Amino acid sequence: MKTKDFIGPEFKKQLAQILKHIDESIDRLYYIATHDEKTGLYNYAFFKNIASMEIEKAKRGKPLSLILADIDFFKKLNDKYGHVVGDIILEKVARVLAKHVRKSDIVTRYGGEEFLVLLPNTTLARAVKVAERLRKKIKSYSGLKKYAITMSFGVTEFKKHDTLTKLIKRADKALYKAKKRGRDRVVAS
């Protein structure tokens, strides 16, 4: 007798249910491991993996740009409306950012109220246009109007011998300049 002769239809049904549950659990664990809990965006650990692959492509001549964005006066919003509303604002901002970039772009919550957008195959000039579009979309988004949300953006492009850390540092310097110049603006570096 073959083994399959011992397996009845009820056992096959149970086994199929168990395998389906395992697949669903693996998918859920993968999501938890790669996404930010509050925003649903990719988390920074996942972002670093993708960024390292894109940096390797950039070293071979493909353009690559990075945007660092920060919600202006977020601490004041949290103090005024509370952390629950702060979390809702983060979720809405994340949704707007993710909706208005290409599928090939990677948006992640960097920390607190900061977001990174990695733009493969994108020059600095084009990345500035993307950042400006995102700035306008955030400012005009009806779901955020009552809180008068604005964002500041620092933009940079991959340069020879850059690492992710160097890219982020340069974008951070540009973001700092945007904040120093009055917020709600895009500055490239």
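Quick note: the coordinates plus some simple rules give every number you see, no bench work behind them. Since the structure is predicted, the reported quantities are computational estimates derived from the model, not experimental observations. Using ideal geometry, Cβ is built from the backbone for each residue, glycine included, and neighbour counts are taken over all protein chains shown.
Which of 92/169; 99/139; 145/173; 48/80 have a Cα-Cα distance over 24 Å?
Details: 92/169 26 Å; 99/139 15 Å; 145/173 28 Å; 48/80 34 Å.
From the list (92/169; 99/139; 145/173; 48/80), the Cα-Cα distance tops 24 Å for 92/169; 145/173; 48/80.
Provide 141, 42 in ascending order of the number of other Cβ atoms located within 10 Å of each residue's Cβ, fewest first. Walk me through the numbers before you get to the answer.
Details: 141 16, 42 21.
Taking fewest neighbouring Cβ atoms as first place, the list is 141, 42.
For the chain, which DSSP H helices look membrane-span-like by this rule: Cα extent along the axis of 27 Å or more and mean Kyte-Doolittle of at least -1.0?
Going by DSSP H runs, the hits are 9-34.
In Å³ and rounded to a whole number, note down the convex hull volume per residue for the Cα atoms of the stretch 54-122. Present the calculation step by step, with values, prior to reporting the outcome.
On the way: hull volume 5.3 nm³, N = 69.
Roughly 78 Å³ of hull volume per residue.
Using a 10 Å cut-off around each Cβ, can you sort 142, 152 from fewest to most neighbouring Cβ atoms? If you can, show how the numbers build up before the last one.
Values: 142 7, 152 25.
Lowest to highest Cβ neighbour count: 142, 152.
In debye, nearest 20, what is the charge dipole magnitude of the chain about its Cα centre with +1 on Lys and Arg Cβ and -1 on Asp and Glu Cβ, if you could check? Walk me through the numbers before you get to the answer.
Working: 42 positive and 22 negative charges, 209 e Å.
With Lys and Arg at +1 and Asp and Glu at -1, about 1000 debye.
When ranked by the protection proxy of mean other Cβ atoms within 10 Å per residue, highest first, what sequence do the peptides 143-151, 21-29, 92-100 form? Walk me through the numbers on the way to the answer.
Working: 143-151: 15.9, 21-29: 10.0, 92-100: 18.9.
Most protected by this proxy first, the peptides run 92-100, 143-151, 21-29.
Could you pull out every one of the lysines with an alpha carbon less than 27 Å from that of residue 20, ignoring same-chain neighbours closer than 8 positions?
Straight-line reach from residue 20, under 27 Å: 2, 4, 12.
Where does each of 177, 76 land when they are ranked from fewest to most other beta-carbon atoms within 10 angstrom? Numbers along the way, then the final one.
Values: 177 15, 76 9.
Ascending number of Cβ neighbours within 10 Å: 76, 177.
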